[in-house]
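All remarks here apply to the structure that follows.
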Protein chains: 2
Amino acid sequence: MESSSPQSRPDPTAIGDMPAAEFRRAMHRVADMVADYLENVRDYPVLPKVAPGDVRSALPAEPPARAEPIDTILDDYKRIIEPNVTHWNHPGFMAYFAVTGSGPGILGEALSAALNLNAMLWRTAPAATELEELVCDWLRQMIGLPPEFVGHINDTASVSSLVSLAAARHHVRDSSIRQRGMAGRPDLPPLVIYASEHAHSSIGKAAITLGIGLDNVRHIPADDAFRMRPDALAEAIAQDRAAGRMPMAVVATVGTTSTTSIDPLPAIVEICRRENLWLHVDAAYAGSAAICPEYRAWMDGIEQADSIVFNPHKWLCVPVDCSILLVRDPKQLRDAFSLVPEYLRTSETGVTNLMDYGVQLGRRFRALKVWLVIRTFGVQGLQARIRAHCAMAQELAGHVKNASDFEISAPVPFSTVCFRAVPAGSPEDQDRFNEQLLADINAAGPVFLSHTRLRGRYVLRACIGNLRARPDDVPETWNLIRRCADRLLARTD
Amino acid sequence: MESSSPQSRPDPTAIGDMPAAEFRRAMHRVADMVADYLENVRDYPVLPKVAPGDVRSALPAEPPARAEPIDTILDDYKRIIEPNVTHWNHPGFMAYFAVTGSGPGILGEALSAALNLNAMLWRTAPAATELEELVCDWLRQMIGLPPEFVGHINDTASVSSLVSLAAARHHVRDSSIRQRGMAGRPDLPPLVIYASEHAHSSIGKAAITLGIGLDNVRHIPADDAFRMRPDALAEAIAQDRAAGRMPMAVVATVGTTSTTSIDPLPAIVEICRRENLWLHVDAAYAGSAAICPEYRAWMDGIEQADSIVFNPHKWLCVPVDCSILLVRDPKQLRDAFSLVPEYLRTSETGVTNLMDYGVQLGRRFRALKVWLVIRTFGVQGLQARIRAHCAMAQELAGHVKNASDFEISAPVPFSTVCFRAVPAGSPEDQDRFNEQLLADINAAGPVFLSHTRLRGRYVLRACIGNLRARPDDVPETWNLIRRCADRLLARTD
């Protein structure tokens, strides 16, 4: 391929960014759009009234050849996009964990988008690298971990757990998996990961990705309170060893997805020590609650883990995405992942190059929003918000307990309530009733709940955690549930 | 663990988000901060004058217990953070690929942060899911791929390539790696990935993560123009088959990191067909150029790939992060990755649940910024910008060619120029000269270049691609290079 000769210089006004004045004006319009949205999000139903294909068919199938005015595009956003998203920032969004983007978090995202930096190397992002180190250490202190824990930020808990389990795999004795891989090796037995039957699906995905295989994830049975049974864990490890397989890591969950149950860490730590196994703690949701001493007490033993993930984007008012992976020995991640081509070699010594600690080379400046959120609310302010959400969950649980035709399906340690209606009828009838009840509640508009199955039975879940919640939200949510159940009972009678 | 009794209701003004009026005011302040930054970014040196540890030591080591005023925090941002980042949005940032965040992209990020949704299921994000499908199809049309290609958005090319190679691994005949894993299997020989010696380090990281192992990545030698040699590829495959190993995938690069060379796709396609191998094309940088027919012509054969990655966050004016993975048959990704726990089952049928196509469950609303950027500039506007950057690169290359003591080190197909000074002396002397020259140029302030090694020699790289570039930027950059070289020559004489 030949280089062509230099062309005449193009007109910069025709090839630059949006004109500066126009961008400034549009950014102020967006500032108001964002503020309006947060003030008025309650006016929307949580789930939009939209059928599959509606949005796509409202938009041109082909990209526009010519530039369009920014106000036209923002008008389309307001008309076609905003009303047709599921409103995660709506106080009635209780289907999934407590995701609430806060004002300071949004300010941080806007600033971060303008800088548009990539914190892969210290040199390419000195302030971003050091701010990431700093806020990870703030979070370490806030959740009561010893100073040897070092954190970095990933996009999601899926990636944090993947990275942690890759480090665990790398440290399987004499295996050199990084170099030699896992296939075609008579010296390498199947590697096994242990997790509760209630562990998150991301652990299975990590096992797929890492070449461990779903067959080699042991789903350890839980006790009556949905906590991993240490005796069953010990037994499974013994069985695998006896069969010539190689136990590699245990994943304990603090705050399981279905019920927010807490695996018994002290007993699991003891087993991991005895068996010389990597312990990864998935605290994606409930780790945020550890900033309150009374909730941290329930996680005793977490400081003995090799790695811990928790997501400030779940319950610490930080917009998606933001997941913290804290590891006892960061060298173990670096050994597993560091791979530095010539064009990424820099002269600085003694600095952290964040690209060395995981899969992704590209890394947004996520620490900025975390810093803004922690400072804007203060640790005490964040504690107060966690406590308020947990109190709301207790209040909702109280309503459920007082209703003779409902039952609480699992303990409520944090801000998530699992419950179900128990009308007269067979268990299968009850399941159908609850499934229809959920559909009716979600169709009403002000609330979006989800479901799970516990011991085979269909159970509803309400995850509380929005910053814009009001005192009346809990009684109003309960009234809606009650009303839907009564109507359904009347229909089925 | 017992549920405690309901507590008294907390005061919502003490536990809510920032007060609405305060947030609106702060958001307008941030709008001006962002607009000011983009207008004045040239006033900063590209690389900040900061030593390791400076930023962290300027900030408190402990998190604040109490809330702080937002204006204090934004003042600190302006004073401590903004001046101490490397300015990726500075027109003189030429060290890495062409990352330029545009105005419409920033508007999109701000709106997306406010929605704070997670596009994991259609139900949790109808408009975001359908807009992602739409913009991926717009991009497919823009780069001239047939309609069977379906795209989705990942954070980075590292993840896009990882996901693609996981799908390739899943489709190794009869291997059931998803279920059974790779270790302890006498039936499974080592799997092998083929890529150019100039392939990106993310391919090696994918091989580590997937359990393929670095030893099983064949770095195929390149020709004089840094393009993978098909004859050497065919030979490596034959050798591996003869040795009982199992070839799995070929990664062809369109726009290698060091020189932006283009692997010969038609010949590679033919080998992949004959050998029944998955072909992944890494076009992370140069894929954007395919929106111009004259550059698309150089990628003839790309439409025969199984998967293609390119990053709108590199050269399509979209802020980080945004990487598109286009696959010929999305079912292959779904087969490899889909894992749906009960709490993520929804009743909609015939919809796309984007979580099924990769590693991460959590997915930001990245399609929004892509949509804003394409509409704001139009396809023709984006083409004009790509062409302008390539013309600037040719102009810079022209200056280098006209200087008797410099040489162009590689062809310049796109917007990246590899060059070096060739003063009198041994090759090692010349390497030292160029290394010092790079340090001097980068210390000056207005420009940040990087380096690589080609055929063992130290080479400088200038990657052009900023929206805020001005016609004088190329001659001024060349003058700076010239001045630094002259001063260094005078010193070494």
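None of the figures in this text is laboratory data; all of them are computed from the coordinates on show. In this text, all values refer to a predicted model and were calculated from it rather than measured experimentally. No Cβ is skipped: glycine too gets one built from the backbone with ideal geometry, and neighbour counts run over all protein chains shown.
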- Task: Determine the distance separating the Cα centre of segment A:356-384 from the Cα centre of segment B:115-167; give it in Å without decimals.
- Result: 26 Å
- Task: Please order B:ASP473, B:ASP282, B:ASP54, A:ASP486 by the number of other Cβ within 10 Å, starting at the fewest.
- Result: A:ASP486, B:ASP54, B:ASP473, B:ASP282
- Message: Can you work out the Karplus-derived ³J(HN,Hα) for every residue in segment B:478-489? Use 6.51 cos²θ - 1.76 cosθ + 1.60 with θ = phi - 60°, whole Hz, and x for glycine or proline.
- Response: 5, 4, 5, 4, 4, 5, 5, 5, 4, 5, 5, 4
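Any idea what diffusion coefficient segment B:16-149 gets from Stokes-Einstein, in µm²/s, Kirkwood Rh on alpha carbon pairs, 4 °C, 1.567 mPa s? The partial results should precede the final answer.
Numbers: Rh = 18.7 Å.
The Stokes-Einstein estimate is 69 µm²/s.
Computed from the mean reciprocal separation of all distinct C-alpha pairs, what Kirkwood hydrodynamic radius does the protein assembly as shown have, in Å? Please report the intermediate quantities before stating the final value.
Details: mean 1/r = 0.0347 Å⁻¹.
Across the protein assembly as shown, the inverse of the average 1/r is 28.8 Å.
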- Note on the structure: With one decimal in nm and the nearest listed first, the spacings from B:ARG273 to its own position in the other copies, using label points 7 Å along Cα-to-Cβ, are 6.3
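Rule-of-thumb check for segment B:374-492: C-alpha Rg over 2.2 N^0.38 Å?
Working: Rg = 15.3 Å, N = 119, 2.2 N^0.38 = 13.5 Å.
Its radius of gyration relative to the 2.2 N^0.38 Å reference: 1.13.
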- Classified through the alpha carbon gyration tensor (a ≥ b ≥ c as square roots of its eigenvalues; rounded if a/c is under 1.5, else prolate when a/b is larger than b/c, else oblate), segment B:267-362 comes out oblate
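For segment B:20-87, what does the alpha-carbon gyration tensor say about shape, rounded, prolate or oblate, given a ≥ b ≥ c as the root eigenvalues, a/c under 1.5 as rounded, and a/b over b/c as prolate? Spell out each step's value before the answer.
Values: a/c = 4.16, a/b = 1.12, b/c = 3.70.
Since a/c reaches 1.5 but b/c is at least a/b, the shape of segment B:20-87 is classed as oblate.
Express in nm, to one decimal, how much length is gained between A:ARG173 and A:ALA14 on full extension, taking 0.36 nm for each residue of separation and deducting their alpha carbon distance.
Working: separation 159, 0.36 × 159 = 57.24 nm, distance 6.00 nm.
Additional length available on full extension: 51.2 nm.
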- For the protein assembly as shown, size of Cβ-based charge dipole, Lys and Arg +1, Asp and Glu -1, in debye: 500 debye
- Note on the structure: Ordered by fewest other Cβ atoms within 10 Å, a rough proxy for footprinting exposure, A:SER202, B:SER426 read B:SER426, A:SER202
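Scanning chain A for GluC sites (Glu not before Pro) in DSSP loops with at most 15 other Cβ atoms within 10 Å, what's the longest stretch left with none?
Details: sites that count: A:GLU2, A:GLU148, A:GLU197, A:GLU348.
Excluding the exposed sites themselves, the longest stretch runs over A:198-347.
Can you tell me what share of the DSSP beta bridges in segment B:118-364 is antiparallel? A percent to the nearest 5 is fine. Walk me through the intermediate numbers first.
On the way: 11 of 28 bridges.
Restricted to segment B:118-364, the bridges split so that about 40 percent are antiparallel.
Work out, in µm²/s and without decimals, the Stokes-Einstein translational diffusion coefficient of segment B:213-305 at 37 °C, 0.692 mPa s, Rh from Kirkwood over C-alpha pairs. Before the final figure, lay out each step's value.
Values: Rh = 13.7 Å.
Estimated via Stokes-Einstein, D reaches 239 µm²/s.
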- Is segment A:91-239 best put as rounded, prolate or oblate by its Cα gyration tensor, with a ≥ b ≥ c the root eigenvalues, rounded for a/c under 1.5, and otherwise prolate when a/b is larger than b/c, oblate when not? oblate
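Where does each of B:VAL135, A:VAL150 land when they are ranked from fewest to most other beta-carbon atoms within 10 angstrom? Please report the intermediate quantities before stating the final value.
Working: B:VAL135 29, A:VAL150 20.
Ranking B:VAL135, A:VAL150 by Cβ neighbours within 10 Å, fewest first, gives A:VAL150, B:VAL135.
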- Where the only charges are on Cβ atoms (+1 Lys, Arg; -1 Asp, Glu), what is the dipole of chain B about its Cα centre, to the nearest 20 debye? 320 debye
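For A:ALA51 and A:ALA490, what does the FRET efficiency come to when R0 = 41 Å and r is the distance between their Cβ atoms, rounded to the nearest 0.05?
On the way: r = 29 Å, r/R0 = 0.70.
After rounding to 0.05, the efficiency reads 0.90.
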- Query: In Å and whole numbers, how far do the C-alpha atoms of chain B stretch along each principal axis, longest first?
  - Reply: 82, 60, 46
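Among DSSP beta bridges lying fully in the protein assembly as shown, give the percent that are antiparallel, nearest 5. Write out the running numbers ahead of the final one.
Numbers: 46 of 82 bridges.
That works out to approximately 55 percent antiparallel.
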- Message: With the cut-off at 20 Å, tell me which of the pairs A:LYS49/B:LYS331; A:LYS205/B:LYS314; A:LYS369/B:LYS314; A:LYS314/A:LYS369; A:LYS331/A:LYS369 have Cα atoms farther apart than that.
- Response: A:LYS49/B:LYS331; A:LYS205/B:LYS314; A:LYS369/B:LYS314; A:LYS331/A:LYS369
- Task: Report, as an integer, the average count of C-beta atoms from other chains found within 10 Å of each Cβ along B:462-472.
- Result: 2
- Simple label model, 7 Å out from Cα along Cβ direction - B:ARG453 to B:THR346, nm: 5.1 nm
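Could you calculate the FRET efficiency of A:ALA443 with B:ALA61 from 1/(1 + (r/R0)^6), where r is the beta carbon distance between them and R0 is 60 Å, rounded to 0.05? All intermediate terms of the calculation are to be shown ahead of the outcome.
Details: r = 51 Å, r/R0 = 0.85.
Efficiency, from the Cβ-Cβ distance: 0.75.
How large is Rg/Rh for segment A:200-267, to two decimals, with Cα atoms and a Kirkwood Rh?
Details: Rg = 12.4 Å, Rh = 12.9 Å.
With Rh from the inverse mean 1/r over Cα pairs, Rg/Rh is 0.97.
Averaged across the residues of A:187-193, what count of C-beta atoms belonging to other chains lies within 10 Å of each residue's C-beta? Don't skip to the end; give the middle numbers.
Working: counts 2, 5, 3, 6, 5, 2, 0.
Taking the mean over all residues of the peptide, I get 3.
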- Item | Cα-Cα separations in segment A:118-364 greater than 24 Å, expressed as whole percent | 44 percent
- Item | Furthest towards positive pole of dipole, B:HIS171, B:HIS152, B:ALA183, structure part segment B:148-209, Cβ charges | B:ALA183
- Task: Rounding to the nearest 20 debye, state how big the charge dipole of segment B:249-327 is about its Cα centre with +1 on each Lys and Arg Cβ and -1 on each Asp and Glu Cβ.
- Result: 80 debye
- Mean residue ellipticity at 222 nm from the helices of chain B, using -39,500 (n - 2.57) per DSSP H segment of n ≥ 4 over the full residue count, to the nearest 500 deg cm²/dmol? -13000 deg cm²/dmol
- Mean other chain Cβ within 10 Å across A:34-45 is 3
- Could you tell me the distance between the Cα centroids of segment A:429-481 and segment B:445-484, to the nearest Å? 59 Å
